[in-house]
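The values are calculated or read from the model by the stated rules, or taken from the named source; none is laboratory data. All values derive from a computational prediction rather than experimental measurement. Heads up, the Cβs are rebuilt from the backbone with ideal geometry, glycines too, and the neighbour counts pull from every protein chain shown. In case anyone asks, the SASA skips ligands and DNA or RNA and just uses the protein heavy atoms, side chains included. Shrake-Rupley method; radii C 1.70, N 1.55, O 1.52, S 1.80 Å.
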Amino acid sequence: MERSEALNYRILDDNSTGTDVGKLHWIYPGFSPYELYIQDSHKLIFAADDKRINAFSWGIPSGENYEKASHVHTIITKNFRGPISTIATDRLIRAGKGTVA
């Protein structure tokens, strides 16, 4: 099965289209991610493959949304290839074999 290098998303609180689903946006992370995590409170989308996690911001956390998401971070994850999430302190974690980072 072939994966796409493009991700699409909709900002549900954006009613600029006059619909309930918001405008369709695209992100091109430069690789085919198989793990995604969305952190609404910081307006971040994390896309991961087996080597890295790329973070994209779609807006200012307490303010407006951007017209286009921008790449803000790349985290090299080396031997950690499992699911990604955040813990109570809003720190990003990724599972590895028998551990998390």
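From the residues in the stretch 58-82 that are under 20 Å from Ser32 (Cβ atoms) and among the charged types (D, E, K, R), which one is surrounded by the most Cβ atoms within 10 Å (Cβ to Cβ)? For the stretch 58-82, the residue satisfying everything is Arg81. Listed by first and then second residue, the pairs linking a residue in the stretch 36-62 that is closer than 22 Å to Glu5 by Cβ and without any contact (Cβ under 8 Å) to a residue 40 or more places away in the chain to a residue that is hydroxyl-bearing (Ser, Thr, Tyr) and surrounded by fewer than 17 Cβ atoms within 10 Å (Cβ to Cβ), with Cβ atoms under 6 Å apart and 6 or more places separating them unless they lie on different chains, are Arg52/Thr74; Asn54/Thr74; Ser57/Ser70. Among the residues making up the stretch 1-43, those that are at pLDDT 85 or above, among the small types (Gly, Ala, Ser) and farther than 19 Å from Thr77 by Cβ are Ala6, Ser41. For the stretch 46-57, a residue qualifies if it is within 13 Å of Ile11 (Cβ to Cβ) and buried (at least 21 other Cβ atoms within 10 Å of the Cβ), and exactly one does: Phe56. Among residues of the stretch 65-79 that are over 27 Å from Thr99 (Cα atoms), those with a beta-carbon under 9 Å from a residue that is part of a strand (DSSP E or B) and open to solvent by 70 Å² or more (accessible area, probe 1.4 Å) at least six positions away or on a different chain give the pairs Lys68/Trp26; Ala69/Trp26. When each of Ala55, Ala69 is tested for being modelled with pLDDT of 90 or more and touching a Leu at 6+ places or on another chain (Cβ under 6 Å), the lone residue that passes is Ala55. Listed conditions (1) open to solvent by 30 Å² or more (accessible area, probe 1.4 Å); (2) out of contact with any Pro (no Cβ under 7 Å at 6 or more places or on another chain) are all met by Glu35, apart from (2).
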